[in-house]
Amino acid sequence: MTVELDEYYMIEAIKEAQKAETLTEVPIGAVIVIDGKIISRAHNLRETRQNAVAHAELLAIEHACREIGSWRLENATLYVTLEPCAMCSGAIILSRVKRVVYGAADPKGGCAGTFMNLLQDDRFNHQSEVMSGVLEEECGQMLTKFFRAIRERKKAEKQKRKKTELETITEIDSQ
Ligand SMILES: [Zn+2]
């Protein structure tokens with residue numbers, strides 16, 4: 001697999017992440033490729049579905065299995081914008097995904113080499129090849145921007161609340 005091809009498919013995963021962002025979901029996207037063809041694409045839907053397991057990778061794996069009519073994704077490459085968590089890494093191992101390519105690392109919970117390396121632990125009966133840091137900056141910046149916007153929105157709401165409180169107090173005082 002060439003670097004250009006990995007970047008090409010990562011851009012597709014980024015497009016999925018952007019769809020998540022428009023739903024005010026944490027922008028994480030994934031695509032699954034078999035024989036050069038994207039057979040599945042998904043994005044994080046945790047808030048929309050109020051479902052803790054609705055991660056991009058898990059949804060992409062579910063869809064890919066339905067698509068090929070098999071739980072074995074032995075020839076598949078999964079592209080995801082953020083390093084997979086413990087749950088998704090588990091699903092990757094169980095579905096025997098051949099190769100995982102991710103963008104940004106997640107030192108606080110990533111299980112594909114930073115926090116842990118479940119994908120390449122030889123105590124499991126399957127290991128995936130891992131490629132990290134593909135379009136890392138683009139993938140990471142989406143997340144940074146998203147969380148910054150949330151913080152700013154919360155701050156603005158807090159200030160607005162304070163202002164209303166102050167106005168109420170002034171009104172009471174002047175009565
Ligand atoms: Zn996950």
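The values are calculated or read from the model by the stated rules, or taken from the named source; none is laboratory data. What you see is a predicted model, and the numbers here were worked out from it, not measured in a lab. Here the Cβ is made from the backbone with ideal geometry for all residues, glycine too, and neighbour counts use every protein chain on show. We work out accessible area using only protein heavy atoms, side chains counted, and drop any ligands, DNA or RNA first. Shrake-Rupley method; radii C 1.70, N 1.55, O 1.52, S 1.80 Å.
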For the chain, what is the largest minus smallest coordinate of the Cα atoms on each principal axis, given in angstrom and ordered from greatest to least?
-> 75, 30, 29
Could you give the accessible area per residue of the chain, probe 1.4 Å, as a whole number in Å²?
-> 60 Å²
So what's the back-of-envelope 222 nm ellipticity for the chain, counting only DSSP H runs of four-plus at -39500 (n - 2.57) apiece and dividing by all residues, rounded to 500?
-> -16500 deg cm²/dmol
Any idea what the relative contact order of the chain is, in percent, if you count C-alpha pairs under 8 Å spaced at least 6 apart?
-> 17 percent
When ranked by the protection proxy of mean other Cβ atoms within 10 Å per residue, highest first, what sequence do the peptides 42-49, 118-125 form?
-> 42-49, 118-125
Which one of Lys162, Lys37, Lys154 has the biggest mean-square fluctuation once the chain is modelled by GNM with Cα springs under 10 Å?
-> Lys162
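In debye to the nearest 20, how big a dipole does the chain give about its Cα centre with +1 on each Lys and Arg Cβ and -1 on each Asp and Glu Cβ?
Rounded to the nearest 20 debye, it is 520 debye.
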If one builds a Gaussian network model of the chain from Cα atoms under 10 Å apart, the most fluctuating residue listed among Thr114, Thr164, Thr144 is Thr164
What's the center-to-center distance, using Cα atoms, between region 59-81 and region 1-35 in Å?
-> 14 Å
What lysines could a cross-link reach from Lys163, if we take a straight Cα to Cα line under 20 Å and drop same-chain neighbours fewer than 8 places away?
-> Lys154, Lys155
Roughly speaking, to the nearest percent, how much of region 1-120's 1.4 Å accessible area is carbon and sulfur?
-> 54 percent
When the charge dipole of the chain is computed with +1 on Lys and Arg Cβ and -1 on Asp and Glu Cβ about the Cα centre, the Cα farthest towards its positive end, among Leu143, Phe124, Thr48, belongs to Thr48
Using packing as a proxy for protection, rank 26-33, 103-110 so that the peptide with the highest average count of other Cβ atoms within 10 Å comes first.
-> 26-33, 103-110
Using +1 on the beta carbon of Lys and Arg, -1 on that of Asp and Glu, and nothing else charged, what's the dipole of region 40-92 about the Cα centre, debye to 20?
-> 120 debye
